[in-house]
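Peer 1: Attaching a single structure in structure tokens format; questions to follow.
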Amino acid sequence: MTFLRTAFNALRRARGDEELKTPDFIRLVRDRADALGIKQEMLKRPLNAGFSGGEKKRMEILQMALLDPSLCVLDETDSGLDIDAVRIVSEGVNALRGPERAMVVITHYQRLLNYIVPDRVHVLSEGRIVRSGGKELALELEQSGYADYQADAAA
């Protein structure tokens, strides 16, 4: 809670807003945590101390919900998560989707995209976008792999 409050109030100060007092901040965190399915006991633990992979990811989603960024980069969000944790984390990400927020989701696996359905898919190879398309492109990649795109980037 100390970490979350420090980051939250620093952002408010930077935006020219007044800091939230502790009781108001605690209410806000509890509300956002409830909306994301994060248990209150988890909020009492030191940041990431003894957290499972899924718990760490849920706390990252809570941070996103509190800090309200306009751009989120989710790099390998599904890494180390079991299928239940992927679903829970994806629900949290989907709850934060909206026209005021851009999200870049980086993954190598369709499994995550079954829950976080992309608007656009880009294939990167050697630092370049070598193909773009809709969600169908992710399904195609799941079937054919990335081998064809490695040659395209070298050309």
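The values are calculated or read from the model by the stated rules, or taken from the named source; none is laboratory data. Computed from a predicted structure; not experimentally measured. FYI the Cβ positions are ideal-geometry reconstructions off the backbone, even for glycines, and counts take in every protein chain you see.
Peer 1: Under 8 Å between Cβ atoms, at least 6 apart or on separate chains: pull out the pairs that start in the stretch 81-107 with a residue that is under 10 Å from Gly54 (Cβ atoms) and end on any residue that is surrounded by 15 or more Cβ atoms within 10 Å (Cβ to Cβ) and polar (S, T, N, Q).
Peer 2: Note: pairs meeting the criteria are Val89/Thr77.
Peer 1: Can you name the residue in the stretch 74-89 that is acidic (Asp, Glu), under 11 Å from the mean Cα position of the chain (by Cα) and part of a loop (DSSP other than H, G, I, E, B) and, of all such residues, is surrounded by the fewest Cβ atoms within 10 Å (Cβ to Cβ)?
Peer 2: First pass over the stretch 74-89, keeping only residues acidic (Asp, Glu): 75-76, 78, 82, 84.
With under 11 Å from the mean Cα position of the chain (by Cα) added as a condition, the list becomes 75-76, 78.
Checking the rest, the ones that are also part of a loop (DSSP other than H, G, I, E, B) come to 76, 78.
Numbers: Glu76: 13, Asp78: 23.
Taking the candidates together, the pick is Glu76.
Peer 1: What are the residue pairs meeting all of these: first residue in the stretch 44-62, first residue at pLDDT below 85, second residue not in a loop (DSSP other than H, G, I, E, B), Cβ atoms under 6 Å, and 6 or more apart or on different chains?
Peer 2: Leu47/Phe3; Asn48/Lys56; Gly54/Ala85
Peer 1: Testing Arg58 on (1) of a type in the set (Lys, Arg); (2) surrounded by 15 or more Cβ atoms within 10 Å (Cβ to Cβ); (3) over 30 Å from Glu142 (Cβ atoms), one condition comes back false. Which one is that?
Peer 2: Among (1) of a type in the set (Lys, Arg); (2) surrounded by 15 or more Cβ atoms within 10 Å (Cβ to Cβ); (3) over 30 Å from Glu142 (Cβ atoms), Arg58 violates only (3).
Peer 1: Specify the residue that is farthest from the chain's Cα centre (by Cα); the eligible residues are those in the stretch 27-41 that are within 12 Å of Leu4 (Cβ to Cβ) and aliphatic (A, V, I, L, M). Don't jump to the end; show me each part of the working.
Peer 2: Going through the stretch 27-41, the residues within 12 Å of Leu4 (Cβ to Cβ) turn out to be 28-30, 32-33, 38.
After this cut, where a residue has to be aliphatic (A, V, I, L, M) as well, the list is 28-29, 33, 38.
On the way: Leu28: 20, Val29: 17, Ala33: 15, Ile38: 15 Å.
Looking at the filtered set, the residue picked out is Leu28.
Peer 1: Only one of these is exposed (fewer than 14 other Cβ atoms within 10 Å of the Cβ), closer than 30 Å to Asn9 by Cα, of a type outside the set (S, T, N, Q) and modelled with pLDDT of 90 or more: Ala102, Ala65. Name it. Talk me through it step by step, then tell me what you get.
Peer 2: Values: Ala65 fails: exposed (fewer than 14 other Cβ atoms within 10 Å of the Cβ).
Residue meeting the stated conditions: Ala102.
Peer 1: Give me a count of the residues in the stretch 105-122 that are of a type in the set (Lys, Arg) and loosely packed, with under 14 Cβ neighbours inside 10 Å. Can you show your working first?
Peer 2: Residues of the stretch 105-122 of a type in the set (Lys, Arg): 111, 120.
From what is left, the residues that are loosely packed, with under 14 Cβ neighbours inside 10 Å are 120.
Total meeting the criteria: 1.
Peer 1: Go through the stretch 110-134 and count every residue that is assigned to a loop (DSSP other than H, G, I, E, B) and either of a type in the set (D, E, K, R) or more than 24 Å from Gly37 (Cβ to Cβ) (or both). It would help to see each step written out before you state the result.
Peer 2: Quick first cut of the stretch 110-134, residues assigned to a loop (DSSP other than H, G, I, E, B) only: 114-120, 126-127, 134.
With either of a type in the set (D, E, K, R) or more than 24 Å from Gly37 (Cβ to Cβ) (or both) added as a condition, the list becomes 119-120, 126-127, 134.
Matching residues across the stretch 110-134 total 5.
Peer 1: Still on this structure, I have one more. Name the one entry in Asn94, Asn114 that is modelled with pLDDT of 90 or more and over 10 Å from the mean Cα position of the chain (by Cα). Write out each step before concluding.
Peer 2: Numbers: Asn94 fails: over 10 Å from the mean Cα position of the chain (by Cα).
After ruling out the rest, the residue left standing is Asn114.
Peer 1: In addition: Testing Arg58 on (1) of a type in the set (Lys, Arg); (2) within 15 Å of the chain's Cα centre (by Cα); (3) part of a loop (DSSP other than H, G, I, E, B), one condition comes back false. Which one is that?
Peer 2: Only one criterion in (1) of a type in the set (Lys, Arg); (2) within 15 Å of the chain's Cα centre (by Cα); (3) part of a loop (DSSP other than H, G, I, E, B) is unmet by Arg58, namely (3).
Peer 1: Residues of the stretch 65-99 being more than 18 Å from Asp31 (Cα to Cα) and among the aliphatic types (A, V, I, L, M), which ones?
Peer 2: Leu71, Val73, Leu74, Leu81, Ile83, Ala85, Val86
Peer 1: What pairs come up if the first residue lies in the stretch 121-138 and is within 15 Å of Tyr109 (Cβ to Cβ), the second is of a type in the set (Lys, Arg) and surrounded by 14 or more Cβ atoms within 10 Å (Cβ to Cβ), and their beta carbons are under 6 Å apart, counting only those six or more places apart or on different chains?
Peer 2: Pairs found: Val123/Arg131.
Peer 1: Now, a different point. Select from the stretch 90-109 the residues that are in contact with a strand residue (DSSP E or B) (Cβ under 9 Å, 6 or more places away or on another chain) and either farther than 23 Å from Ser132 by Cα or assigned to a strand (DSSP E or B) (or both) and list them in ascending order. Working first, answer last.
Peer 2: Going through the stretch 90-109, the residues in contact with a strand residue (DSSP E or B) (Cβ under 9 Å, 6 or more places away or on another chain) turn out to be 93, 96-97, 101-107.
Within the stretch 90-109, Leu96, Arg101, Ala102, Met103, Val104, Val105, Ile106 qualify.
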